[in-house]
Amino acid sequence: MTFASCRHVAGAVLGVMALLTGTVAQAGQAVEAAVPSAIGYQPRDADERGLWMEMEEAERELRNSNFVVHDPALNAYVKGVLCRTVGEMRCSAARIYIVRTPYFNASMAPNGMMQVWTGLLLRTRNEAQLAAVLGHEFGHFEKRHSLRLFREVRSKTDAMAWLSFLPYGVGLLAQLGTLGSIFSFSRDMEREADVESIAYLTSGGYTPGQASAIWAQLRDEQDATAAERKVRSRKDKNGGFFASHPNSGERMLYLAALASSATAATRTGDAEYRDAMALWWAPLIDDQIKLNDFGATEFLLGRLAGSGWTSELLYARGELYRTRGGDGDFAKAAGFYRDAIALGSTLPEARRGLGLALLRTGAIEQGRTMLKDYVKLKPDAGDRAMMAMLAGGI
Amino acid sequence: MLRVLATPLLAALVMFAAPAHAQAEKSASKSGFSLPATGPVKIVVFRPDVHVGEQSTGGLNEPNADWTAEARKQIGIALEKAQKSKSNDLVLMPELEGEQGVLLADYRSLFKTVTNAVLVHKLFPGNRLPTKKETFNWTLGSGTSQLAQISGGDYGLFIYTYDSYGSAGRKAAQLVGAMFGVGISSGVHTGYAGLVDLKTGELVWINADAQMGGDVRDAVGADKRVSQLLEDFPTRAGTAVTAAQ
């Protein structure tokens, strides 16, 4: 179960894994069974055990994947936020994997394997927003949504199999209706997880309104992407009939309504979040720049710089403009690199960027000097040979 | 999630629309490759990728933990037996932690990617590459020598099996389908095995079958499955190529 609809292949692949696993208990069970977060909880029937087995295999692979961020400090921070949100007693059931991928999503498998993508960490603005996402995913886990969806898909596709024998297109129409009901079921579970996330936020002391704010930000970002590309914003397009998640506008509104009637809590954790992410902004922005989505990246940089442009953000903006390389972009990029260096940036790459931008604006000598500085500052750089050549030889 | 859901659903629909493909079993190996005529040959088995489940009426696979565990055990025993009969030493790749664990995971993934390329672009018709028609030259790169050092093995054997046994409902649908003239397949049984020269990284042999036999949930069936997986397995230099067992 994921946080947002997956529009990317990687998302689909990870999503398949999430779909494959699940946990027990249909509605209407006589006795409320222990929740999956309970200590010692084990899957209880063949379906649930089968899904857990598949997820354990997937986790075995994920654990040693090169895409998992192993930074102990960042992992401890995210785990800490989860524990504060859902409670110390429950959070140990979840194993968090921070996955290095620039897209916005998170997912939860029924066996407790949670994935948080770095593209999401780049976009959530404070601890409360991160808590909202973690709470949503944990809600899927506690409510055994993967298992319920698995059973829903199975029973509906079984029905579709028999419907396929009906003649004159009747079967096909009925199949389409059944197919649609599966997606509708999926959207209902997402709403349920959203409701859970508000409850977790307030019990963790976090401002519940931040759950809605995530969607407002994402919609603004989608507008920024569209404006730069001169196309219509896709913020209200999520697949319609075949949408796995409710529309982001709908989520924004009902989350805000839920928050307004929830117990007031005030923690947002802006400073804590900034500190925890301090060492990660630069590499994550670099990942984002490579998506070739100028509008969204400029939007993200702008809001990260809300309280002032730091040398890291200026460097990133230089990279962004230099990468686009349109009319006047190299001159602007050179300006951003210069500002970064003036603010005390010690990044060798700021010199490299400035050197390359200057070469493109025709300031050959200045550019070469900068590239020579870069090679001196970073003698073991992977691109040393190329930069030395561009510098006219070292 | 959209594609995620749509895929199994569409797959289920397709199974009703299309008759079962009669895809042949295929193997290929590096030209002129054979195992050394004398001396021990140590083959490292990477943890086999085993999935066993039941196919629902609509074609959805229901993973089954007990069947999978049993199949994993039986396939392990059968592999050991089969390789002993070829006088090769079989060792299991140990579970690795830390940097070695990452290295192993990388090569497992790389093997899967390369194997998929071989299956799609060489072994089975549809998307064969003209440049790969005559040759069989795939490699994981010489970095696999690190795995040779860690494990002490000469060759790496990768095994993949996927079984989805047709449920009673699926079989009933197959019968009804036959009455209406609709071809519905019941059960999916696919697998492949590949051998990598760990010193050079070259893929030296591969064998894939889209319709495998042998019930992997018991010892006799697992023996049959493994013998099918290892059909045309490279022989020692100088020995005549034996037909499949």
As a check on your grasp of the helix formula, calculate [θ] at 222 nm for chain B: sum -39500 (n - 2.57) over DSSP H runs of n ≥ 4, divide by the residue count, round to the nearest 500. -12000 deg cm²/dmol
For A:R44, residues with placed amide H under 5 Å, excluding near neighbours: A:V24, A:R49
Roughly speaking, what is the centre-to-centre gap between the range A:134-170 and the range B:145-203 when only Cα atoms are used, to the nearest Å? 26 Å
Can you return the aspartates and glutamates within cross-link range of B:K86? Criterion is Cα-Cα under 17 Å, with same-chain partners fewer than 8 residues away left out. B:D154, B:D223, B:E231, B:D232
Nearest 5 percent is fine: what portion of the DSSP beta bridges confined to the range B:42-229 is antiparallel? 55 percent
Mind listing the Cα extents of the range A:281-390 along all three principal axes, in Å, largest one first? 36, 28, 25
Quick check on chain A: helices-only [θ] at 222 nm, where DSSP H runs of length 4 and up contribute -39,500 (n - 2.57) each and the sum goes over total residues. Nearest 500, please. -20500 deg cm²/dmol
What's the whole-number percent of alpha carbon pairs in chain A lying beyond 40 angstrom? 26 percent
Cut-off is 10 Å between beta-carbons; in what order do A:T266, A:T310, B:T57 appear when sorted fewest neighbours first? A:T266, A:T310, B:T57
Averaged across the residues of A:151-163, what count of C-beta atoms belonging to other chains lies within 10 Å of each residue's C-beta? 6
Spelling it out for A:I98: with amide H atoms placed in the peptide plane at 1.01 Å from N, the residues 5 or more places away or on another chain with amide H under 5 Å from its amide H are A:V69, A:V116
Would you mind checking the radius of gyration and Dmax of the range A:110-184 based on alpha-carbon positions, in Å? 18.4, 56
Using only the alpha-carbon atoms, what does the range B:47-95 span along each of its principal axes? Please give whole angstrom values in decreasing order. 45, 24, 14
Which of B:L203, B:L129, B:L92 fluctuates most in a GNM of chain B (C-alpha springs under 10 Å)? That residue is B:L129
Given 16 as the ceiling on other Cβ atoms within 10 Å, longest exposed-site-free region of chain A for chymotrypsin sites (Phe, Trp or Tyr not before Pro) in DSSP loops: A:169-394
So how long is each side of the range A:55-112 along the principal axes, counting just the alpha-carbon atoms, biggest first, in Å? 29, 23, 21
Alpha carbon Rg of the range B:42-229, scaled by the compact-globule rule 2.2 N^0.38 Å: 1.14
Report, to one decimal in Å, the Kirkwood hydrodynamic radius for the range A:296-355 based on all distinct Cα pairs. 11.2 Å
Sequence-distant lysines (8 or more away, or on other chains) whose Cα lies within less than 28 Å of A:K378: A:K290, A:K332
So if I restrict to the alpha-carbon atoms in the range B:131-214, what is the Rg, and what is Dmax, the biggest pairwise distance, in Å? 19.7, 59
Which whole-angstrom value gives the distance between the alpha carbon centres of the range A:262-338 and the range B:207-239? 55 Å
Taking every DSSP beta bridge that has both residues in the protein assembly as shown, what percent is antiparallel when rounded to the nearest 5? 55 percent
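Read the figures in this text as sums done on the coordinates, not as results from a lab. In this text the structure is predicted, and so the values were computed from the model without any measurement. Quick reminder, even Gly has a Cβ in these numbers, built from the backbone with ideal geometry, and neighbours come from all protein chains shown.
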